[in-house]
1. For SER145, SER173, what's the largest-to-smallest order of accessible area, 1.4 Å probe?
2. What does a probe at THR137 reach in segment 73-88, counting residues whose amide N is under 15 Å from the point 7 Å along Cα→Cβ?
3. For TYR164, TYR152, TYR202, TYR104, give me the order by solvent-accessible area with a 1.4 Å probe, most accessible first, ignoring ligands, DNA and RNA.
4. Protein chains only, probe 1.4 Å: how do LYS59, LYS69, LYS115 rank by accessible area, largest first?
5. Straight-line reach from LYS46: which lysines fall under 23 Å, measuring Cα to Cα and dropping same-chain residues less than 8 apart?
6. Identify all lysines with a Cα-Cα distance to LYS115 below 27 Å; exclude those on the same chain that are fewer than 8 residues away in sequence.
7. State the extension gain, in nm to one decimal, for the chain segment bounded by LYS205 and ASN47, taking 0.36 nm per residue of separation less the distance between their alpha-carbons.
Amino acid sequence: MKSITSIILIIAGVLLFVFFTKPALAELKATQLEVEKLNVARENAKNLEARINQLIDIKNNITPADLEKIDKMLPNNVENVKLIIDFDKLLQAMVEERGTLRLYKSTDVTDTGTKKISIENPKITPGGLVDTTFDSTRLGVVTFSFAVTLTYEDFLEFLRRIEYSTRILDIESITFTAPTNDQVSSGGSTPVYTFNVSLRTYWLKYINDTVTTN
């Protein structure tokens, strides 16, 4: 009698486990996994919110002067005339600061009546993106070519100032013409070369700022 009772209890226990306990454990495990996923999602959401707030703070702390630098670095239009004027100013400021303006023969003068040196034969043509990872629908490219007549030392300094200028510029090629006997500086025996420079510069085709703050 006791054996039959034990067998019945064992069978009842097995049935209880199969039909009630096992499904309940499976449901509990699924619930635990779902809770873990929700916890991960909540943590990711917190990190994302913190990052968004950090970026908003960075954006709000950008000064008008910094915004002006950003606009110069990557303007929202080609600005052909301004680009040429900026290079003329860069060249003029360089020779004035170095005190080498006197070396160059020029009939051009500035608004103040002083002698002026300028880039020669400026030409701006549409270009294309070499790096295809950038979106060509947003980023425009132009090729800017010009000639400049300088001593070798002044040309190196001019390149250095181009390198450290605010606007993004990539030099593509440089060629030069060796000076003849009559191509010397007006200051004496220093040779003056004609350098032909081709560079690429970039501009934003449009800006769509969808970030809003409360």
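The values are calculated or read from the model by the stated rules, or taken from the named source; none is laboratory data. In this text the structure is predicted, and so the values were computed from the model without any measurement. Here the Cβ is made from the backbone with ideal geometry for all residues, glycine too, and neighbour counts use every protein chain on show. To get the accessible areas, we keep the full protein, side chains included, count just its heavy atoms, and leave off ligands, DNA and RNA. Shrake-Rupley method; radii C 1.70, N 1.55, O 1.52, S 1.80 Å.
1. Of SER145, SER173, the descending order of accessible area is SER173, SER145.
2. Correct set: none at all.
3. Accessible-area ranking of TYR164, TYR152, TYR202, TYR104, largest first: TYR164, TYR152, TYR202, TYR104.
4. LYS69, LYS59, LYS115
5. Counting by Cα, and skipping residues close in sequence, LYS46 has these lysines nearby: LYS37, LYS59.
6. LYS82, LYS89, LYS105, LYS123
7. 53.6 nm
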